[in-house]
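Here is the structure we will look at, set down as structure tokens.
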Amino acid sequence: MRKSSYRVAAGLAVIALLAAGCSSDKAAEDTAATEETVAADPQLEIFTWWSSGGEALGLAGMESVFKTNNADTEYVNASIAGGAGVNAKAVLTSRLEANDPPDSFQAHAGMELDGYVKSGKLEDLTDLYKSEGWDTIFPADLIKTLTVDGKIYSVPVNIHRANVLWWNPATATKAGITAAPATLDEFFADLEKFKKAGITGLALAGNGDWAIAHLMDYILLASLGSDSYEGLFKGTTSWTGPEVAAALKNFQKALSYGNKGAGNLDWPDAGKLVTSGKAGFFIMGDWASAQWQSEGLVLGTDYTWAPAPGTVGVYQWLSDSFTLPIGAKHRNAGLAWLKVCGSKEGQDAFNPKKGSISARTDSDPSVYDDYLKAAMEMWKTDRLVGSTVHGVNGNNALMAAYNTAVGKYFSGGFKDNAGLAKDLDAAYMAGQA
Ligand code: GAL
């Protein structure tokens, strides 16, 4: 239907309600919502941290679906570079505090989203879920991570996997490595093989701290196992006890195989060390694959993957979602954007380029590469455990303190394990405040 006919329909609905003498607030609100959903706004401002290769291409995929459906609205890309939102989140916080929100912003499912809801920044989207049929299309457990006090607050565009091991088969062959390490012991044995072959074992990106924290988050999971790892965020596993101490020894050991000068590198730079044969392994979320494909590299030939060692059968997940901030200047356009975000068309335009799987249960596997097809299967059968650095386990306060603690440890030459454990404990507490 054309937009003008929507407006006529909304107008007729108002007249019908008036004629029926309907004066309840609920009915008036429903009518307003219907009308607002359909009027075209001149602009739409979308706020993310997606600016590099695959991230930007994925976003552009959704943008083009939006433009097709909303030709009268100018799309404004307000992305701020910096993986995991390390730079974007600070800008977003000050904009939200100044009541100057974008029309929709990226937020992770889980405790990160919970933080925005509890501080009163987001509109309730439960009715949109009903009208779009999303309450039956997204997995119920995922919807739970978007729900606070029975109301749903964001639209998930994807599922990413954090615990993935990436490497370049040619480099591995040089070091005499023929199969993916399945356990932490095998991982360390292979890191030693790279070292003996004169190759840096592990690619590290220290800029912004989060990618080192991402590595630690995976090593905690591999060392503690899923239940104890989850206990860290429920208060049932101690951050300063022997389990974490043993895990941090593994982390310290892994870091000792890292590249020099990592402090200045972003995650795409560290990824290049692997694809160019300068480093062996890379522990990174599956957005790495999309990044490499955007650079013209080929999955299975130039690089390959396996579940990160010690976490086979465990899917450390995260989900990017989009919100409707209270006070958005172009609320109708924001709603139109969310409809694209939740649609099959939008998700299948976004995810193959972004390196993630669709959050919907009815996406078309044929448009996804072999890695993503495998991920779709594992997402259904693996044990699901949340990512800390990407919003599932803790709010922004926890994440900021978690990253800072790891950054301090790393830049200090990764010596003070007891100090790190204490700082992580304090980070957990910061998230509870
Ligand atoms: C994550 C985000 C991913 C990816 C990654 C690196 O937090 O969920 O979509 O962009 O950061 O920037």
Query raised in the report: Looking at the square roots a ≥ b ≥ c of the eigenvalues of the Cα gyration tensor of region 32-123, which shape do they give, rounded for a/c under 1.5, prolate if a/b is larger than b/c, or oblate?
Result: oblate
Query raised in the report: Against the longest principal axis of the chain, how steep is helix 3-19, in degrees 0 to 90 to the nearest 10, with axes from Cα atoms?
Result: 60 degrees
Report task. With a point put 7 Å past each Cα toward its Cβ, work out how far residue 417 is from residue 135 in nm, to one decimal. Result -> 5.1 nm
Requested in this report: Quantify how much of the Cα-Cα distance distribution of region 45-89 extends past 17 Å, in percent.
Outcome: 33 percent
**Report entry** Average silhouette area of the chain, convex hull of alpha-carbon atoms, in square nanometres
**Finding:** 20.9 nm²
Requested in this report: Set Lys and Arg Cβ to +1 and Asp and Glu Cβ to -1, take the dipole of the chain about its Cα centre, and tell me which of 301, 164, 400 lies farthest positive.
Outcome: 301
Report task. Take the solvent-accessible surface of the protein heavy atoms, probe 1.4 Å, and return the percent of it on region 118-207 that carbon and sulfur atoms account for. Result -> 51 percent
Report summary line: One would report the Cα pair-distance distribution of region 244-310, bin width 10 Å, in %, as 17, 49, 28, 6, 0
Requested in this report: Find out how many positive minus negative residues lie around residue 198, taking Lys and Arg as positive, Asp and Glu as negative, among other residues whose Cβ is under 13 Å from that of residue 198.
Outcome: +4
Query - Nitroxide proxy distance, nm - points 7 Å out along Cα→Cβ at residue 189 and residue 404 - result: 4.2 nm
Requested in this report: Report, ordered by chain and residue number, the lysines lying within cross-link reach of residue 329, taken as a straight Cα distance under 21 Å and ignoring same-chain residues fewer than 8 apart.
Outcome: 3, 67, 89, 121, 339
**Report entry** Sulfur and carbon atoms: percent of accessible area, region 353-412 [1.4 Å]
**Finding:** 56 percent
Report summary line: Within the set 119, 276, 223, GNM on the chain using Cα springs under 10 Å gives the largest fluctuation to 119
Query - Using alpha-carbon coordinates, inclination of helix 184-196 to the longest axis of the chain, degrees - result: 60 degrees
Requested in this report: Pick out which of 413, 54, 285 has the largest mean-square fluctuation in a Gaussian network model of the chain, springs linking Cα atoms closer than 10 Å.
Outcome: 413
Query - residue 95 accessible area, assembled protein chains, probe 1.4 Å, Å² - result: 40 Å²
Query - Under the Debye formula (equal points on every Cα, no solvent term), log10 I(q)/I(0) of region 143-187 at q = 0.23, 0.25, 0.31 Å⁻¹ - result: -0.87, -0.97, -1.14
Query raised in the report: Using a basic spin-label model with each label point 7 Å from the Cα along Cα→Cβ, how many nm lie between residue 397 and residue 71?
Result: 5.0 nm
Query raised in the report: Efficiency by 1/(1 + (r/R0)^6): what FRET value for residue 170 and residue 376, r their Cβ-Cβ distance, R0 = 25 Å, to the nearest 0.05?
Result: 0.35
Query - Which of 110, 215, 173, positive extreme of dipole for the chain (C-beta unit charges) - result: 173
**Report entry** Nearest-10 value in Å² for the accessible area of residue 329, using the 1.4 Å probe
**Finding:** 120 Å²
Query raised in the report: How big is the antiparallel share of DSSP beta bridges in region 33-177, given as a percent to the nearest 5?
Result: 25 percent
Query raised in the report: What is the spread of the Cα atoms of region 81-230 along each of their three principal axes, largest first, in whole Å?
Result: 58, 35, 29
Query raised in the report: Based on DSSP H runs of at least 4 residues, each adding -39500 (n - 2.57), what is the mean residue ellipticity at 222 nm of the chain after dividing by all its residues, to the nearest 500 deg cm²/dmol?
Result: -15500 deg cm²/dmol
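Quick one: if the Förster radius is 45 Å, what FRET efficiency do residue 179 and residue 127 give, using the C-beta to C-beta distance and rounding to 0.05? All intermediate terms of the calculation are to be shown ahead of the outcome.
Working: r = 51 Å, r/R0 = 1.14.
In this case the efficiency is close to 0.30.
Could you work out the percent of alpha carbon pairs in region 351-433 separated by over 15 Å, rounded to a whole number?
The share of Cα pairs beyond 15 Å in region 351-433 comes to 67 percent.
Select from region 168-261 those trypsin sites (Lys or Arg not before Pro) which occupy a DSSP coil region and have at most 12 other Cβ atoms within 10 Å, ordered by residue number.
Passing both the DSSP loop test and the Cβ count: 234, 260.
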Query raised in the report: Taking springs between alpha-carbon atoms closer than 10 angstrom, which of 273, 128, 96 fluctuates most in the Gaussian network model of the chain?
Result: 96
Query - Paramagnetic reach from residue 234 in region 297-320 [backbone N under 18 Å; point 7 Å along Cα→Cβ] - result: 314-317
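Count the net charge of all other residues whose Cβ sits under 13 Å from the Cβ of residue 115, scoring Lys and Arg as +1 and Asp and Glu as -1.
Details: positive: 89, 118, 121; negative: 112, 114.
So the environment of residue 115 carries a net charge of +1.
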Query raised in the report: So what's the angle, to the nearest 10 degrees on a 0 to 90 scale, between helix 344-354 and the longest Cα principal axis of the chain?
Result: 30 degrees
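The values are calculated or read from the model by the stated rules, or taken from the named source; none is laboratory data. Source: prediction; values computed, not measured. Ideal geometry is used to build each Cβ from the backbone, glycine not excepted, and the neighbour counts take in all protein chains shown. For accessibility, only protein heavy atoms count, side chains too; no ligands or nucleic acids. Shrake-Rupley method; radii C 1.70, N 1.55, O 1.52, S 1.80 Å.
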